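The values are calculated or read from the model by the stated rules, or taken from the named source; none is laboratory data. Please read all numbers here as calculations on a predicted model, not as lab measurements. Neighbour counts run over all protein chains shown; Cβ positions are idealised from the backbone, glycine included. The protein model used for the area step is the full one, side chains on, heavy atoms only, and it has no ligands, DNA or RNA in it. Shrake-Rupley method; radii C 1.70, N 1.55, O 1.52, S 1.80 Å.
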Amino acid sequence: MKIFNLTTFTFVLLFLLQWNFTYGKHLPLQVDKEYNLEFGLDEKLYLSYDKAKLSVLEVNQRDLYDTITPGRPPVKYGALDRRMGTSDKTARCETCGETLQDCVGHYGFVRLAVPVFHIGYFKQTLVVLQNICKTCGKVLLEEKERRKYLARLNNPGLDDIKKRAILKALNTACKKVSRCPHCKSVNGVVKKVGALKIIHERYKPKKANDVENNAFKETFNNAVELDPSLKFQIGKAQEDLNPLIVYNLFCKITSEDCEILGLDPVKGRPENFLWTSIPVPPICIRPSVAQNGASNEDDITVLISDIVFINTRILHSIQSGETISKFMEHWEWLQLLCSQLVNADLPGVQSIPINMVKIKRGFCQRLKGKQGRFRGNLSGKRVDFSARTVISPDPNLQIEEVAVPELVAKVLTYPERVFEHNIEQLRKCVLNGPDKWPGAVYIRSDKKDEKPKYLKYGNRQQYANNLKIGDIVDRHLRDGDVVLFNRQPSLHRMSVMAHFVIATQIALDNCNKITKKQLKHFFSVCFNKYRKSIIEPGTAVGAIGGQSLGEPGTQMTLKTFHFAGVASMNITLGVPRIKEIINASKNISTPIISADLLNKTSDVKSARIVKGRIEKTVIEDIAEYIEVVIKPNECYVLIKIDLEAIEKLTLEVDIFSIAKSIVLAPKLKIPENYVRIHKPDKIAVNIPMKGDTSELFYALEALKRALPKVIIKGIPSINRAVINEEKDGLKLLVEGYGLREVMAIDGVNGLESSTNHIIEMQQVLGIEAARVKR
Ligand SMILES: [Zn+2]
Ligand SMILES: [Zn+2]
């Protein structure tokens with residue numbers, strides 16, 4: 001369940017739901033037309049409800065209680081202002097005047113000084129940014145293309161899947177555009193940096209207009225003058241798309257462009273993807289717990305108060321002026337706090353400012369999971385007149401019967417009215433009382449003022465004698481009563497059915513009576529029943545198929561499988577693996593190639609040599625040290641090779657092949673004559689100079705950093721291979737992609753090699769091979 005993509009409105013509704021389940025009150029969900037509230041149908045995107053309009057007040061005070069006034073009343077305009085309702089049994093709501101029992105609670109809001117990204121819409125924000133020009137806000141398409149996409153999107157027969165495909169194609173097309181067809185400005189890659197930041201690499205492509213690129217770089221001139229070391233960083237400078245820039249850009253998007261972006265121009269304007277104000281939920285969903293003079297506050301209340309605090313700081317720094325770095329720090333902080341309100345786990349956020357409170361339960365946490373609102377409070381309701389147990393089959397029961405333990409039968413009672421025909425039987429029940437089965441627990445009468453008689457105490461003989469027609473006896477369950485039997489998960493109609501109760505233990509039948517003829521008959525009945533149960537015409541096989549796959553999925557908790565005897569090699573199994581197979585994932589979490597050796601019965605040493613040919617080895621693995629050498633007439637990077645390590649790893653490399661690997665390393669581009677070999681174990685790498693000597697030091701350092709990662713042996717995509725001893729000899733288990741390359745390695749039996757990556761299997765060996773392999 002992707003709680004994440006809940007619309008803001010569902011968010012509001014869930015506030016209400018949460019409150020309702022917490023307090024179990026009557027919920028008058030009045031959806032007022034004036035406020036344009038409707039459940040997020042359309043694009044599942046409905047944000048334009050006006051928080052300010054729905055709210056009763058703007059929360060702008062950080063403090064929760066007025067500690068000076070006696071009685072510690074909540075601060076006006078604070079997060080606990082009584083106009084939003086109350087969680088105190090003795091107080092009354094100041095908006096509707098009702099008590100905790102009857103007031104539904106009322107919303108407040110916090111007006112943010114600067115917009116922040118909404119964590120739930122971050123992905124959509126990114127996509128819209130990729131589709132539009134970062135200068136004029138128009139969709140990055142020529143008029144002709146624009147019309148084409150608009151026509152396709154307006155096709156009346158469009159379903160959701162097709163619409164998504166069109167929008168995906170549009171996104172791909174827009175990403176390729178590097179110059180806006182409308183205002184001619186340069187557009188580059190828009191990407192997410194860290195958890196909640198977006199940058200625009202406007203000037204990355206070298207072919208982009210140098211005039212503009214230089215103009216951008218010139219804006220740093222002042223800074224470079226003050227700190228010359230910045231000069232080398234400017235190449236990395238990129239445009240920061242902060243929430244305010246994004247908000248203003250989104251406001252520019254025309255209604256027609258909204259349609260191309262798959263948004264509703266009236267209800268789902270893209271600027272609503274950002275938060276300019278946040279709703280403060282009613283107090284009854286975040287109750288305070290009073291404790292002798294002090295109180296414990298709900299996480300949400302604490303968070304709201306923090307948001308108000310930091311928001312005030314930002315407002316203040318805008319008005320009075322403060323350093324940019326301080327302002328940005330506060331903004332980032334506000335962003336994190338607002339995200340925590342939705343999801344306290346803050347996916348992707350690594351560092352949290354030390355002074356920031358970390359709350360445990362945001363709205364996501366309150367809703368999802370076993371203890372959440374849906375599974376914990378909605379689906380999992382237990383009620384009176386029910387019992388819960390583990391079930392098991394019993395061959396002695398009829399198909400329409402269910403055995404109920406005596407213990408349960410004594411607790412589950414049935415209110416049976418006394419008539420002439422059953423009075424004797426019920427008298428016996430009354431005499432037995434609550435503890436002896438079949439007994440009864442209460443006797444009630446229709447008369448209002450008469451209390452029910454509890455049969456555990458008192459004179460049962462007398463009660464039985466006085467039993468009269470019209471009384472109601474709460475008697476124990478007994479054979480033949482009808483109960484509803486529900487086996488969870490209730491996936492199909494057979495899950496919930498009425499059964500006859502068998503309350504006692506059934507004596508086992510004597511199984512030796514059986515003749516050959518009886519047995520034959522028994523088997524033929526079984527076979528016919530089995531044939532009939534395969535499928536009935538008209539059954540929704542798709543749904544049953546899905547359920548049949550889904551239900552055992554809930555049982556699969558073991559997610560990884562540890563190879564016996566193989567050092568730390570795990571394989572993804574269970575639900576995650578099934579997902580990979582069904583989705584035909586391109587990236588699977590544990591791709592493993594199992595490669596047979598041509599010489600599988602021989603010793604481990606030859607297997608090690610093959611392992612060395614497959615496993616990626618970089619200079620780092622065999623170098624004793626790598627250092628920069630600066631001499632008056634030359635400078636270079638020196639590598640000392642550890643010949644002993646090469647010997648130990650049984651690697652088929654020598655100093656010459658290593659030097660060759662450095663020359664061939666794709667990114668370094670070092671000419672052959674710049675790499676010199678000092679026998680027996682040193683290699684010197686010179687720097688190709690490009691006129692300017694001022695960058696020499698940085699170039700040397702960069703080379704020193706790059707050299708350890710140069711691949712000298714093996715397949716680049718493979719980090720690890722493990723020798724595994726199996727019944728029929730040695731085998732290599734190779735972690736990573738590259739079946740084709742592994743098959744071609746000397747010493748590997750290509751005919752007997754395979755991978756658990758289905759797509760690769762199909763690409764290398766064909767679809768039949770992929771189908772056969774698990
Ligand atoms: Zn109220
Ligand atoms: Zn433009």
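Numerical summary
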{"read-out": "In the stretch 162-172, residue farthest from ligand 2 (Cβ to nearest atom) [restricted to those that are under 21 Å from LEU249 (Cβ atoms) and either open to solvent by 100 Å² or more (accessible area, probe 1.4 Å) or touching a residue at least 60 places away in the same chain (Cβ under 8 Å) (or both)]", "value": "LEU167"}
{"read-out": "Qualifying residues in the stretch 113-126 (those that are surrounded by fewer than 22 Cβ atoms within 10 Å (Cβ to Cβ) and among the hydrophobic types (A, V, I, L, M, F, W, C)) - the one nearest to ligand 1 (Cβ to nearest atom)", "value": "ALA113"}
{"read-out": "Selection within the stretch 414-430 - outside any loop (DSSP other than H, G, I, E, B), under 19 Å from GLY458 (Cβ atoms) and open to solvent by less than 30 Å² (accessible area, probe 1.4 Å)", "value": "LEU426, CYS429, VAL430"}
{"read-out": "Whichever residue in the stretch 128-161 is open to solvent by 60 Å² or more (accessible area, probe 1.4 Å) and within 25 Å of the chain's Cα centre (by Cα) and, among such residues, is farthest from ligand 1 (Cβ to nearest atom)", "value": "ILE161"}
{"read-out": "Enumeration of residues in the stretch 201-240 that are at pLDDT 70 or above and not in a helix (DSSP H, G or I)", "value": "GLU201, ARG202, TYR203, THR219, PHE220, ASP227, ALA237, GLN238, GLU239, ASP240"}
{"read-out": "Qualifying position, being within 23 Å of ASN719 (Cβ to Cβ), of a type outside the set (A, V, I, L, M, F, W, C) and touching a strand residue (DSSP E or B) at 6+ places or on another chain (Cβ under 8 Å), among LYS616, LYS640", "value": "LYS616"}
{"read-out": "Identity of the residue in the stretch 66-90, open to solvent by 50 Å² or more (accessible area, probe 1.4 Å) and on the phi > 0 side of the Ramachandran plot, that ends up nearest to ligand 2 (Cβ to nearest atom)", "value": "TYR77"}
{"read-out": "Wholly within the stretch 274-315, strands (runs of 3 or more DSSP E) carrying at least 1 residues that are β-branched (Val, Ile, Thr), closer than 23 Å to THR90 by Cα and in contact (Cβ under 8 Å) with a residue 40 or more places away in the chain", "value": "274-280"}
{"read-out": "Among residues of the stretch 173-187, those that are free of Cβ contacts under 8 Å to residues at least 24 places away in the same chain and more than 12 Å from ligand 2 (Cβ to nearest atom), counted", "value": "1"}
{"read-out": "Helices (runs of 4 or more DSSP H) (entirely within the stretch 726-774) containing at least 1 residues that are modelled with pLDDT under 90 and in contact with a helix residue (DSSP H, G or I) (Cβ under 6 Å, 6 or more places away or on another chain)", "value": "758-765, 767-772"}
{"read-out": "In the stretch 454-503, residue farthest from the chain's Cα centre (by Cα) [restricted to those that are among the small types (Gly, Ala, Ser) and assigned to a helix (DSSP H, G or I)]", "value": "ALA464"}
{"read-out": "Flag for ARG82 being of a type outside the set (A, V, I, L, M), within 16 Å of ligand 1 (Cβ to nearest atom) and farther than 25 Å from ASN311 by Cα", "value": "no"}
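This table checks each residue for (1) at pLDDT 85 or above; (2) open to solvent by less than 40 Å² (accessible area, probe 1.4 Å).
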site	(1), (2)
ALA645	yes, yes
THR650	no, yes
PHE656	yes, no
ASN673	no, no
ARG676	yes, no
LYS682	yes, no
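Rundown of residues vs (1) crowded, with 16+ Cβ neighbours inside 10 Å; (2) outside the structural domain of PRO287 (by TED's automatic domain parsing); (3) modelled with pLDDT under 85; (4) of a type in the set (Phe, Trp, Tyr), yes/no style:
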residue	(1), (2), (3), (4)
LYS33	no, no, yes, no
LEU37	yes, no, yes, no
ASP50	no, no, yes, no
GLN61	yes, no, no, no
LEU64	yes, no, no, no
ARG92	yes, no, no, no
CYS96	no, no, no, no
GLN101	no, no, no, no
